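K.L.:
What follows is a structure written as structure tokens; I'll ask about it next.
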Amino acid sequence: MKTSTINSAFISFPLYRSAAKSSFLLAALLLAACSASPKVPLAEIASAEQAIANAERAQVIRYTSTELNTARTELTAARNAVLADNLPQAQRLALQAQLSAELAIAQADLLKAQAVNKDMQQSIMRCSKKLSETYPEAPYERH
């Protein structure tokens, strides 16, 4: 009888090792899953805040308010997503907020450049007119 008990112990030992290996594997997978969980997008939110601050310093609101307001709305939504523990959504919204603020700056720069261009063209036209009035016989190109 003792022989069968010993045999049953030897038979169950490989099962115990198999269960131990399975438990170790499960623990390793859980640890990997925990470490792969999304993190709060602090860097993205900080970048969006900085881009909005840059747009405000550049007085973008004087030229275009739509993109800057969109950036502010997206940043608020990103913060709310963090509070709701929707971290992928928070990251996406923070990146969108940054891009919207940068777009606001680019749009304002374009409008400023167009205003300068228009002013220069008007100045050239005034100078050309004055020149033609002062020297009516002088050869020059008229635009």
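K.L.:
With r defined as the distance between the Cβ atoms of Ser65 and Cys127 and R0 fixed at 35 Å, what FRET efficiency is calculated, to the nearest 0.05?
P.N.:
0.50
K.L.:
In what sequence do Tyr63, Tyr135 fall when counting other Cβ within 10 Å, fewest first?
P.N.:
Tyr135, Tyr63
Coordinate-derived values only; no laboratory data. Remember, predicted model here, so these are calculated numbers, not experimental data. A quick note on method: Cβ atoms are made from the backbone with ideal geometry, for glycine too, and the neighbour counts reach across all protein chains shown.
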